[in-house]
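Single-structure report; data block below.
The values are calculated or read from the model by the stated rules, or taken from the named source; none is laboratory data. Treat the numbers as computed from the prediction; the structure is a model and nothing was measured. A quick note on method: Cβ atoms are made from the backbone with ideal geometry, for glycine too, and the neighbour counts reach across all protein chains shown. Accessible surface areas use protein heavy atoms only, side chains included; no ligands, DNA or RNA. Shrake-Rupley method; radii C 1.70, N 1.55, O 1.52, S 1.80 Å.
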Amino acid sequence: MGQIHLEKVRKTFGDVVIIPDLDLQIEDGEFVVFVGPSGCGKSTLLRLIAGLEDVTGGKIVIDGKDATTLPPAKRGLAMVFQSYALYPHMSVRKNIAFPLKMAGMDKAEIDRRVDYAAKTLNLDNYIDRRPGQLSGGQRQRVAIGRAIVREPKAFLFDEPLSNLDAALRVGMRLEISELHQRLKTTMVYVTHDQVEAMTMADKIVVLRAGNIEQVGSPLELYTAPRNTFVAGFIGSPKMNLLGGAEAAKYQAATMGVRPEHIRLSTTDGAWKGTVKVSEHLGSDTFLHVESPVHDEPLTVRAGGEFPVHAGDVVYLTPQEDKIHRFDDKGLAIKGNGRATG
Amino acid sequence: MARNVSTGRKIGTTALAWFVGLVIFFPILWTFLTSFKTELQAISIPPVFVGFDWTLENYQTIQTQSNYFHFMANSIYLSLGSTALGLIVAVPAAWAMAFSPTKRTKDILLWMLSTKMLPAVGVLIPVYLMFIKFGLLDSRLGLIVVLFLINLPIIVWMLYTYFKEIPGEILEAARMDGASLRKEITQVLAPMAVPGIASTVLLNVILSWNEAFWTLNLTTSNAAPLTAFIASFSSPQGNFYAKLSAASMLAIAPILIVGWFSQKQLVRGLTFGAVK
Ligand SMILES: Nc1ncnc2c1ncn2[C@@H]1O[C@H](COP(=O)(O)OP(=O)(O)O)[C@@H](O)[C@H]1O
Ligand SMILES: [Mg+2]
């Protein structure tokens, strides 16, 4: 089991409200990702769930039992920290065994579990080393090993990959996803990287300034962002958001269209513009196009070998059925609102 | 780190390092050599370097003139006593400052350190008068308290920087892993804090051992440590450089030996636990 319900959870540091009343349901076995810009309160929320911070108000219910005032150890959750937080004076074996030793488990069972975890995480060759003698990726694995041996109700991850280099990050992302497939244990994962959120989550919780902006599956957030913040935050590169006359054509205060939903032509189209920068990634090319319809360059995805260069004139046409419309409060308007212009 | 450094450059920096080391070490070497000379050779011009008649005479004379072990015992009492007292106060203080800092923590630390900028002689009279009033003049207890107080800012500051290095997340990890407060302290905190505490103890013992202003001004004989022992040989009766040197060597020998053997521990204390 690993069901976590937050009811009107509130957190203030002194006079500063970090998390205003927040409700959230995390179901058993789900992979939930908290995503949002730096400083929006993701870590604080995770630490409230872990019990490392006390709530100012509200209730935290784990598996139907009120856990609001339980100390961290009594909640049955395991956490993987951004800094890994390994015990520097203990070997890998001792690090992984520590929670089991604290639980008073017998030696034979501890050895069995540690050996198994070390094997599945490819740590058997390093088992007697100290954390200081390991690479970043290996330390990360030890931290995960220390979390899984306890067989917790849920795993909490706080930006576990942000200290790794890009290539390793992709690999570890997959490993964590596989771990979830295998264990089917609830995972709550914090990141500021929307790519991690999109690739790993069953359910994404988008946070801004301690408020939940939207909860949904990656696809839901991509296809139906509830407001301009989510629209701009989810998806890479970012959605183009235009106000003024262009939006008015669609009876909206803001209209949005993703770079991959714009048709590109060298001869005709809705918006004329000049290519400022073109980024060739091989499979794709992203163009940054300056156009009079918007004061910032528009981002457009072109095919991998689209033959344009900086300075070329291009025409852009948003795909009608992929247009997002938002009202003057930034909230999404249902329907596609045909262009009137 | 594999930088290509030309051999010429390596020789140059090595020579420079040796030169600087020798310049710093030279006074001690000279004192050492002088302590084995006769008084005449000690002041001869041009000075003799090693080509003199080595003699243990100075060391013998010193032993008969004053009781070295009495002074040494006092030095040990004072440095260990003030260090122990310092730890009792500074460990909890630095602990609180490092792990639950407030807005004022930095200010308090700076204020504590700023007391070290006050010239000691500025408070000599009040302290002296207090010592008379409480009958503490020439007592070990009084000196232990004074040495403890003058070194306290440094101990607190040093421990604070060590404790600050211990990442809070590791303690939180221990809490998540189900460690009780006692286990958290004995199995996680202590092993990480001990090297820092050891270095602090060492430095404080050395500082107390060498402290001369207060030990000379507040003692006469009963509580006088090795600093007073040295001073007693630089008397107005004349220049006894050889004996003065021998006294100095005897005074610094214990701390030199301690420092030499704990070198490794000191360096380890400064690098241990650096897991980022
Ligand atoms: N112990 C604390 N005391 C005061 N403010 C804090 C504390 N911890 C976090 N904050 C503040 O709470 C906000 C959210 O922090 P955090 O949860 O770490 O954000 P995130 O993980 O999303 O980057 C930040 O503005 C931070 O400065
Ligand atoms: Mg964070």
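Can you give the calculated 222 nm mean residue ellipticity of chain B, where each DSSP H run of n ≥ 4 adds -39,500 (n - 2.57) and the sum is split over every residue, rounded to the nearest 500 deg cm²/dmol?
Working: 13 runs with 190 residues, N = 276.
Helix-only estimate at 222 nm: -22500 deg cm²/dmol.
If I take R0 = 45 Å and measure r between the Cβ atoms of A:LYS322 and A:LYS119 in this structure, what FRET efficiency does the formula 1/(1 + (r/R0)^6) give, to the nearest 0.05?
Details: r = 47 Å, r/R0 = 1.05.
Approximately 0.40, to the nearest 0.05.
Suppose R0 equals 30 Å; then what is the FRET efficiency for B:LYS164 and B:VAL23 from their Cβ-Cβ distance, rounded to the nearest 0.05?
On the way: r = 35 Å, r/R0 = 1.16.
According to the calculation, E is roughly 0.30.
How big is the A/B interface in buried accessible area, both sides summed, 1.4 Å probe, to the nearest 100 Å²? Let's see the in-between values first.
Numbers: alone 16240 and 17230 Å², together 31500 Å².
Buried surface at the A/B interface: approximately 2000 Å².
Classify the stretch B:1-134 from the C-alpha gyration tensor, please: rounded if a/c falls under 1.5, else prolate or oblate depending on whether a/b exceeds b/c. Write down the numbers at each step before the final one.
Values: a/c = 2.67, a/b = 1.24, b/c = 2.16.
Because a/c hits 1.5 or more and a/b fails to exceed b/c, the stretch B:1-134 counts as oblate.
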- Residues in the stretch B:172-186 occluded by at least 50 Å² - accessible area, probe radius 1.4 Å, against chain by itself: B:GLU172, B:MET176, B:ASP177
- Query: With every protein chain left in place, what is the accessible area per residue of the stretch B:129-245 in square angstrom, probe 1.4 Å?
  - Reply: 44 Å²
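Got a sec? What order do A:ASP158, A:ASP327, B:ASP107 fall in by accessible area at 1.4 Å, biggest, i.e. largest, first?
Values: A:ASP158 10, A:ASP327 50, B:ASP107 80 Å².
Ranked from most to least accessible, the order is B:ASP107, A:ASP327, A:ASP158.
Leaving ligands, DNA and RNA out of it, report the carbon-plus-sulfur percent of the accessible area of chain A at a 1.4 Å probe. Walk me through the intermediate numbers first.
Details: 7570 of 15300 Å².
Of the solvent-accessible surface of chain A, carbon and sulfur hold 50 percent.
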- Across the stretch A:217-231, in residue order, what do the Karplus-derived ³J(HN,Hα) couplings come to in whole Hz, using 6.51 cos²θ - 1.76 cosθ + 1.60 with θ = phi - 60° and x for Gly and Pro? 6, x, 5, 4, 5, 6, 8, 9, x, 6, 8, 5, 5, 5, 4
- Query: Heavy-atom accessible area of A:LEU219 with all protein chains present, probe 1.4 Å, nearest 10 Å²?
  - Reply: 120 Å²
- Query: Can you give the accessible area of A:LYS101 in Å² (nearest 10), computed on protein heavy atoms with a 1.4 Å probe?
  - Reply: 110 Å²
- Query: Is it possible to state the helix-based mean residue ellipticity at 222 nm for chain A, with each DSSP H run of 4+ residues giving -39500 (n - 2.57), the sum divided by total residues, to the nearest 500 deg cm²/dmol? What is it?
  - Reply: -7500 deg cm²/dmol
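Ignoring ligands, DNA and RNA, what percent of the accessible area of chain B is carbon or sulfur (1.4 Å)? Walk me through the intermediate numbers first.
Values: 11500 of 16210 Å².
Ligands and nucleic acids excluded, carbon and sulfur give 71 percent.
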- Note on the structure: What the Cα atoms of the stretch B:66-232 span along the principal axes, largest first and in whole Å, is 60, 35, 24
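With N set to the residue count of the protein assembly as shown, report its C-alpha Rg divided by 2.2 N^0.38 Å to two decimal places.
On the way: Rg = 35.2 Å, N = 617, 2.2 N^0.38 = 25.3 Å.
Against the empirical 2.2 N^0.38 Å value, I get 1.39 for the protein assembly as shown.
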- Under 16 Å Cα-Cα from A:LYS272, which aspartates and glutamates qualify once same-chain neighbours fewer than 8 residues away are excluded? A:GLU246, A:GLU290, A:ASP295, A:GLU296, A:ASP312
- Query: In square angstrom, what is the accessible area per residue of the stretch A:98-170 with a 1.4 angstrom probe?
  - Reply: 47 Å²
- Under 16 Å from the Cα of A:LYS107 - aspartates and glutamates, other chains or at least 8 residues apart: A:ASP115
- Note on the structure: Surpassing 18 Å at the alpha-carbon level, of the pairs B:LYS106/B:LYS164; A:LYS11/B:LYS103; A:LYS8/A:LYS59, are A:LYS11/B:LYS103
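Hey, if we sort B:TYR128, A:TYR87 by accessible area with the 1.4 Å probe, largest down, what's the order? Working shown, then result.
Values: B:TYR128 85, A:TYR87 0 Å².
My answer, sorted largest first, is B:TYR128, A:TYR87.
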- Query: Rolling a 1.4 angstrom probe over the protein heavy atoms, how many square angstrom per residue are accessible across the stretch A:238-326?
  - Reply: 48 Å²
- Averaged over A:76-85, how many beta carbons belonging to a partner chain fall within 10 Å of each residue's beta carbon? 5
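Suppose R0 equals 56 Å; then what is the FRET efficiency for A:LYS8 and B:ILE206 from their Cβ-Cβ distance, rounded to the nearest 0.05? Intermediate values should be presented prior to the final figure.
Working: r = 58 Å, r/R0 = 1.04.
Efficiency, rounded to the nearest 0.05: 0.45.
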- Convert 20 °C to kelvin, take the viscosity as 1.002 mPa s, use the Kirkwood radius over C-alpha pairs of the stretch A:194-341 as Rh, and evaluate the Stokes-Einstein diffusion coefficient in µm²/s, rounded to a whole number. 134 µm²/s
- Task: Any lysines with Cα under 16 Å of the A:LYS334 Cα? List them, leaving off those in the same chain fewer than 8 positions away.
- Result: A:LYS249, A:LYS322
